[in-house]
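First up is the structure itself, then whatever we jot down about it.
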Amino acid sequence: MNPLDKSAHNPRSHLEDLLARAAELPAAERDIFLSAECGDDQVLREEIYAHLLAESRGVARKKLSSRPGPVTSAVNQALLGSEHDRRVELLGKVIGDYRLVAIVGVGGAGTVYLGERADRAYSAQVAIKVVANTQLSHEVQRRFAAERQILANLNHPYIGRLLDAGETFFDEPFLVMEYVHGEAIDRYCDNQRLTVAERIQLFLKVCEAVQYAHRNLIVHRDLKPGNILVSKEGIPKLLDFGIAKLLDESAQAVLQDGFVAHTRVHDRLLTPEYASPEQIRGQPVTTTSDVYALGIILYELLTGTRPYAVNAHNQLELERSICIQDPIKPSQMASALSNDATVTNPLVKDANLIPTARNTSFAKLEAQLKGDLDAIVMKALRKEPDKRYRSVEHLMDDLNRHLHQEPVEARQGNRWYYTQRFIRRHTLGVMTGTAAIITLIA
């Protein structure tokens, strides 16, 4: 019988009865009992869970309402507890059409769960991001709502898709996104032992996703390997727009040649290791801030470490490292790591694994990075935003030129440099022509 039919005459009595019976059952049997008694009435089930949890923490149960609605403030306070407890307690609960089955990640804007269809209508796994706090600040609510709107407007093969959104029974906003079976891009590249050229080709796909977001007037602001997962098929997915910034006319953004010249937002939500100098200083953030973060990621993919270690707990050291200190060129880092990794960079535990993960040696890696790639990475990492690549598209163009043995814009070479590029692209033709000239001279 439907639980609503049972409670038609005396809903409060029915709720009290269900709660009393559920409280006597072991935890393992409680879910089965409530699923049978509550049927499709998810609101009723969640209220019973809330009061059971409140009682277990010593909070007196208040009089149940005649119709399930928002839980009392006393219950809310009981639910808060420690943040860790709250995350665990959500496991097994149903949100929307999905049941939370495991915690897969914890970030500043919320907790990410692995979810599956509660009705088992079809087999599907999703990632569900929940702000695990019933007392949300206005700023967190605003940012989460912005993330939902941002993701709803994005449709790209290399960006995680938004499937659903809403709020839990406890007014906690949540996002349902496609679940990416993959690993962070840096670990993926190392585990697959991708060469330098293969890493660049994969990185270019990530750049496509970022450039797509920029064309939609969106700056990610938190690009890092952990937010770029790669599937076993080698398909990258850009995730977590939780601190992304939506640029529109109301923010007086000026879009010129793919570059957002100005924005009025000055908050400092960032990951210090991948933050640009303007983010550290609290200055306006533009699309070139994402170019800088991409430069850090590319540096890490090529060398196995970041250009400098930062101390996120000391503002002065943080500003000195990112805003003043010049990064070491990738080729010089490879050379230094081959001599003494512990002295060069404390982030490296075993330098011998770096060339192995790239199917090469330190000497060959240094040779591959020297020249074009040094120039490309260093241009992306310029301290002054206006001296970096004007857009992600320009960064992509230079990387493609490098792969095709063409002169790169970041490297202002002399005639000999352009001659070398020409010879590399047309080796057979140059050799044939040289041989013909020598024959004629002879």
Leaving out ligands, DNA and RNA but keeping every protein chain, what accessible area does Thr356 have, in Å² rounded to the nearest 10, with a 1.4 Å probe? 70
Within a Cβ distance under 10 Å of Gly105, other residues only, what is the Lys/Arg minus Asp/Glu net charge? 0
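For Asp386, Asp290, Asp97, give me the order by solvent-accessible area with a 1.4 Å probe, most accessible first, ignoring ligands, DNA and RNA. Display every interim value, and only then the final one.
Details: Asp386 125, Asp290 0, Asp97 80 Å².
The residues order as Asp386, Asp97, Asp290, largest area first.
Compute the length gained on full extension between Arg142 and Ile441: take 0.36 nm times their separation in residues and subtract their Cα-Cα distance, giving the result in nm to one decimal.
On the way: separation 299, 0.36 × 299 = 107.64 nm, distance 7.70 nm.
Gain in length upon complete extension: 99.9 nm.
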Each label sits 7 Å from Cα toward the beta-carbon; between Asn153 and Ile103 the label points are separated, in nm, by 3.3
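For a quick check of your reading of the filter: which trypsin sites (Lys or Arg not before Pro) in the range 269-374 sit in a DSSP loop and have no more than 14 other Cβ atoms within 10 Å? Don't skip to the answer; put the middle values down first.
Values: sites: Arg281, Arg320, Lys349, Arg358, Lys364, Lys370; in loops: Lys349, Arg358, Lys370.
Of the trypsin sites (Lys or Arg not before Pro), the ones in loops of the range 269-374 whose Cβ has at most 14 other Cβ atoms within 10 Å are Lys349.
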Quick one: accessible surface of Tyr158, probe radius 1.4 Å, all protein chains present, in square angstrom to the nearest 10. 40
Residue by residue through the range 294-304, what is 3J(HN,Hα) from phi via Karplus (6.51 cos²θ - 1.76 cosθ + 1.60, θ = phi - 60°)? Round to whole Hz and write x for glycine and proline. 5, x, 5, 4, 4, 4, 5, 5, 7, 9, x
Could you do me a favour and compute the accessible area per residue for the range 162-204, 1.4 Å probe, result in Å²? 42
Once phi for every residue in the range 192-204 is put through the Karplus expression 6.51 cos²θ - 1.76 cosθ + 1.60 (θ = phi - 60°), the whole-Hz ³J(HN,Hα) values, with Gly and Pro written as x, are 8, 6, 6, 6, 4, 5, 5, 5, 5, 5, 5, 4, 4
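When the Kirkwood hydrodynamic radius is evaluated over all pairs of different C-alpha atoms of the range 142-213, what value in angstrom, to one decimal, is obtained?
Values: mean 1/r = 0.0695 Å⁻¹.
About 14.4 Å, per the Kirkwood formula over Cα pairs.
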Could you tell me what percent of the accessible area of the range 267-338 is made up of carbon and sulfur, with a 1.4 Å probe and every protein chain present? 45
For the pair Ala309 and Asp397, the simple spin-label estimate (label points 7 Å beyond Cα toward Cβ) gives in nm 3.9
At a probe size of 1.4 Å, how large is the accessible area of Ile235, to the nearest 10 Å²? 70
Once Lys and Arg are counted +1 and Asp and Glu -1 for all other residues with Cβ under 15 Å from that of Arg161, the total becomes -1
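With a 1.4 Å probe and all protein chains in place, put Glu233, Glu278 in order of accessible area, largest first.
Working: Glu233 125, Glu278 5 Å².
Ranking Glu233, Glu278 by accessible area, largest first, yields Glu233, Glu278.
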When the accessible area of the range 156-195 is computed with all protein chains present and a 1.4 Å probe, what percentage of it is carbon and sulfur? 39
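Suppose R0 equals 60 Å. What FRET efficiency, 1/(1 + (r/R0)^6) with r the Cβ-Cβ distance, do Arg120 and Asn339 give to the nearest 0.05?
Details: r = 58 Å, r/R0 = 0.97.
So, using R0 = 60 Å, E works out to roughly 0.55.
State in Å² the accessible area per residue of the range 282-336; use a 1.4 Å probe, count heavy atoms of protein chains only, and round to the nearest integer.
Values: 1920 Å² over 55 residues.
About 35 Å² of surface per residue is accessible.
The values are calculated or read from the model by the stated rules, or taken from the named source; none is laboratory data. Only a predicted model underlies this, so the values are computations on that prediction, with no experimental measurement involved. Every residue, glycine as well, gets a Cβ built from its backbone with ideal geometry; the counts of neighbours run over all protein chains shown. SASA here: full protein model, heavy atoms, side chains in, ligands and nucleic acids out. Shrake-Rupley method; radii C 1.70, N 1.55, O 1.52, S 1.80 Å.
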